[in-house]
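A.B. asks: Okay, handing you the structure first.
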Amino acid sequence: MRPKLLQHGRLPPALESRLAQAYDVHPLWAETDPQDFLAERGGEFTALTTSAISGVSEALMVALPSLGVISSLGVGLDKIDLEAARKRGIAVGYTPDGLNDCVADTAFALLMDVARRISAGDRFVRKGEWPNRPFPLSTRVSGKRIGLVGMGRIGRVIARRGTGFDMSVRYHSRRPVTDVPYQYLASLVELAEWADFLVIATAGGPETEHLVNAGVLDALGQKGYLINIARGTVVDDAALIDALQSGRIAGAGLDVFANEPHVPEALFGLDNVVLLPHVASATEETRQAMGELFLENLASFFSSGRPKASALD
């Protein structure tokens, strides 16, 4: 018999099709009353699929007493209760590494866009304003200082991108990283004071909520830019909006928001911010690689008792 798998949240159609070929899949998202369904049939399922966006709560784990493995599509783990999984002996697989390059590319796309005013220039031309006045000067990127909040898998790739632009690189994280050549700063405020571009590449969750606050933004200063490709919760939205509106920072490039897909409307009218709909990893190549690892995590668990990429290591 094929393992019984509960699908929490939609997945790409091709991935759902491949899941259905290997497992007895039931879509929890299609149930009109999920709680009643779980109360009646929750004990049937040994596997659960989810994503970094949907996550898994402890309550859902409790409702699945036979659950042995969770396979999540994505690198973010802030919406998965890892301690609850560890306590209940549930393996958790996720899909790191395959998205590092594309997320780093997006970070630099946002950095280049907001500094050189690419999207603003596009709007300027489309509105027919070019014949009437020259477009304002923008900011050079090459040779500037890039400060990274986080030096994990993605942070390291962004740092390499920065060196390709002859940028100086420093970083802040919970503790120094021993195998990188970049200078570590124990104070995030000190990093923001030093940086021309402050790029957030840290994990989300309670530990980093509003890590970038009014004090950090004030330290970044009137000529500094904030780039966020991590999690929206890392930034205090109210403080960021105020800093952008008042000119206390030069601009921001944002791919993530605290209450996605809802974006603060106060950002819509600002010309010094570039907004993306959480698409840093949304390339065909990256999603293909993530999907393969997502499936491999399940197959590895059922063959060896351990996902290929475990989030509990």
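A.B. asks: Take the Cβ-Cβ distance between Arg18 and Arg153 as r, set R0 to 35 Å, and report the resulting FRET efficiency rounded to the nearest 0.05.
C.D. replies: It comes out at approximately 0.85.
A.B. asks: What distance in nm separates the two pseudo spin-label positions at Thr32 and Thr283, each 7 Å out from Cα along the beta-carbon direction?
C.D. replies: 4.5
A.B. asks: For the stretch 1-44, what class follows from the C-alpha gyration tensor (a ≥ b ≥ c being the square roots of its eigenvalues): rounded when a/c is under 1.5, otherwise prolate if a/b is larger than b/c, else oblate?
C.D. replies: Numbers: a/c = 3.69, a/b = 1.40, b/c = 2.63.
Because a/c hits 1.5 or more and a/b fails to exceed b/c, the stretch 1-44 counts as oblate.
A.B. asks: Sticking with this one: In the Gaussian network model of the chain, springs joining C-alpha atoms below 10 Å, which of Lys223, Lys87, Lys144 carries the largest mean-square fluctuation?
C.D. replies: Greatest mean-square fluctuation among the candidates belongs to Lys87.
A.B. asks: Now for a separate question. Please figure out what share of the DSSP beta bridges in the chain is antiparallel and state it in percent, rounded to the nearest 5. Display every interim value, and only then the final one.
C.D. replies: Values: 2 of 41 bridges.
The antiparallel proportion sits near 5 percent.
A.B. asks: For Ala203 and Glu129, what does the FRET efficiency come to when R0 = 35 Å and r is the distance between their Cβ atoms, rounded to the nearest 0.05?
C.D. replies: Working: r = 42 Å, r/R0 = 1.19.
E between Ala203 and Glu129, to the nearest 0.05, is 0.25.
A.B. asks: I've got another one for you. Would you mind pulling out the separation of the Cα centroids of the stretch 202-243 and the stretch 64-94, in Å?
C.D. replies: One Cα centre to the other: 28 Å.
A.B. asks: Hey, which aspartates and glutamates would be in cross-link range of Lys87, C-alpha to C-alpha under 16 Å, not counting anything within fewer than 8 residues on its own chain?
C.D. replies: Glu58, Asp313
A.B. asks: Filter the chain for me: DSSP H helices, axial length by Cα at least 15 angstrom, mean Kyte-Doolittle hydropathy not below -0.5. List them by residue number. Please report the intermediate quantities before stating the final value.
C.D. replies: Working: long enough: 100-116 (24 Å, 0.66); 153-164 (17 Å, -0.41); 284-304 (29 Å, -0.18).
In the chain, the long hydrophobic H runs are 100-116, 153-164, 284-304.
A.B. asks: Order these by the 10 Å Cβ neighbour count, fewest first: Val256, Val235. Kindly include the intermediate steps, with their values, before the conclusion.
C.D. replies: On the way: Val256 21, Val235 27.
In order of increasing Cβ crowding within 10 Å: Val256, Val235.
A.B. asks: Multiply the residue separation of Ala266 and Tyr184 by 0.36 nm, subtract the distance between their alpha-carbon atoms, and state the gained length in nm to one decimal.
C.D. replies: Details: separation 82, 0.36 × 82 = 29.52 nm, distance 3.44 nm.
Working it through step by step, the gained length comes to 26.1 nm.
A.B. asks: Please compute the modelled spin-label separation between Glu58 and Leu312, points set 7 Å along Cα→Cβ, answer in nm with one decimal.
C.D. replies: With each label point 7 Å from Cα toward Cβ, the separation is 1.5 nm.
A.B. asks: Next up: Full extension from Leu82 to Gln222: what is 0.36 nm times the residue separation minus their Cα-Cα distance, to one decimal in nm?
C.D. replies: Length difference between fully extended and current span is 46.5 nm.
A.B. asks: Which value in nm describes the separation of the simple spin-label points at Ser168 and Ala214, placed 7 Å from the Cα toward the beta carbon?
C.D. replies: 3.0
A.B. asks: Taking square-rooted eigenvalues a ≥ b ≥ c of the alpha carbon gyration tensor, is the stretch 1-92 rounded, prolate or oblate, where a/c under 1.5 means rounded and, failing that, a/b exceeding b/c means prolate? Present the calculation step by step, with values, prior to reporting the outcome.
C.D. replies: On the way: a/c = 1.38, a/b = 1.10, b/c = 1.25.
Since a/c stays below 1.5, the shape of the stretch 1-92 is classed as rounded.
A.B. asks: Out of all Cα-Cα pairs in the stretch 43-191, roughly what percent, to the nearest whole number, are more than 26 Å apart?
C.D. replies: On the way: 5538 of 11026 pairs.
For the stretch 43-191, the share of Cα pairs beyond 26 Å comes to 50 percent.
A.B. asks: Turning to a different aspect of this structure: Under 16 Å from the Cα of Lys144, which aspartates and glutamates turn up, not counting those fewer than eight places away in the same chain?
C.D. replies: Within the straight-line limit of under 16 Å, Lys144 reaches these aspartates and glutamates: Asp113, Asp166, Glu193, Asp196.
None of the figures in this text is laboratory data; all of them are computed from the coordinates on show. This one's a predicted model, so the numbers in the text were calculated from it and none came from an experiment. Virtual Cβ from ideal backbone geometry, glycine too; neighbours counted across all protein chains shown.
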